Amino acid sequence: MSLEARINELETRLAFQDDTIQALNDVLVAQQRVVERLQLQLAALAKRQDELLGQFGGGEEEAPPPHY
């Protein structure tokens, strides 16, 4: 295999690797956005749950029944 053919093969591989890395990066960025959105939703749900527990007094533990 000639030097020129080897260089062409390496350049071709590099181009494909660059495309693959960019595609993986795009997927990673999209997943990070989804994770951040889910974290915000989870925080909002936790806050809402705390508010509801405060309204209904669910934060206190119930006393055991008298027969204990």
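Taken residue by residue, the range 42-61 has at least one member that is on the phi < 0 side of the Ramachandran plot, without any contact (Cβ under 8 Å) to a residue 40 or more places away in the chain, open to solvent by 90 Å² or more (accessible area, probe 1.4 Å) and not in a helix (DSSP H, G or I). Evaluated against (1) modelled with pLDDT under 95; (2) part of a helix (DSSP H, G or I), residue 1 falls short on exactly one condition, (2). Selection of the range 1-35 for residues being open to solvent by less than 90 Å² (accessible area, probe 1.4 Å), among the polar types (S, T, N, Q) and under 29 Å from the mean Cα position of the chain (by Cα) yields 20, 25.
The values are calculated or read from the model by the stated rules, or taken from the named source; none is laboratory data. Remember, it's a predicted structure, so these values are computed and weren't measured experimentally. Using ideal geometry, Cβ is built from the backbone for each residue, glycine included, and neighbour counts are taken over all protein chains shown. In case anyone asks, the SASA skips ligands and DNA or RNA and just uses the protein heavy atoms, side chains included. Shrake-Rupley method; radii C 1.70, N 1.55, O 1.52, S 1.80 Å.
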